[in-house]
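Engineer: Before anything else, here's the structure in question.
Values quoted throughout were computed directly from the atomic coordinates according to the rules given, and no laboratory measurement underlies them. Note that this is a predicted model, so its numbers are computed, not measured. Note: ideal-geometry Cβ built from the backbone for every residue, glycine included; neighbour counts use all protein chains shown.
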Amino acid sequence: MLTTQNITTPNEKVIRIHHKKSTIHITAGEILFMRGYGNYTYIHTLDGKCYLFSNTIKHALTILGCSFLRIHRSYSVNPDYLVEFIGSDRVILTNGDQLPVARRRFNHLLEILTRQEAIPDSVRLN
């Protein structure tokens, strides 16, 4: 059974997952993106691993805070790892993964990133 706990470190939230008889603490900064699948969430980390979290993506976002951007009904991304927008329907992350962006969320996503000046020079808009 997977459980979570809201653990606060100086600047980062942590999600706790029981995985193969051990407990794994994953900080928000270690997470590239999350993919929701019904009442479960797959958490994809910088080291290329994927962990199953037995709760909704909405609950995971509540624990981790508002630094993640909801780009699709099933996807939330860490904006620190965005590299490029492809058209208006996909983003590329630093590890090369391409994620879908919902049409209705694209303009809002650009607005948020522009307003927060979160689009670094390295992020390309195609």
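Engineer: Could you give the nm distance between label points at residue 97 and residue 21, where each point is 7 Å from its Cα heading toward the beta carbon?
Structural biologist: Going by the 7 Å Cα→Cβ label model, 2.8 nm.
Engineer: Calculate, in nm to one decimal, what residue 114 and residue 49 gain on full extension: separation in residues at 0.36 nm each, minus their alpha carbon distance.
Structural biologist: Result: 20.4 nm gained on full extension.
Engineer: Could you list 75, 42 in order of exposure, starting from the residue whose Cβ has the fewest other Cβ atoms within 10 Å?
Structural biologist: With the fewest neighbours first, 75, 42 line up as 42, 75.
Engineer: Moving to a separate point now. For Cα pairs less than 8 Å apart in space and 6+ apart in sequence, what is the mean separation divided by the residue count of the range 11-52, i.e. the relative contact order in percent?
Structural biologist: It rounds to 27 percent for the range 11-52.
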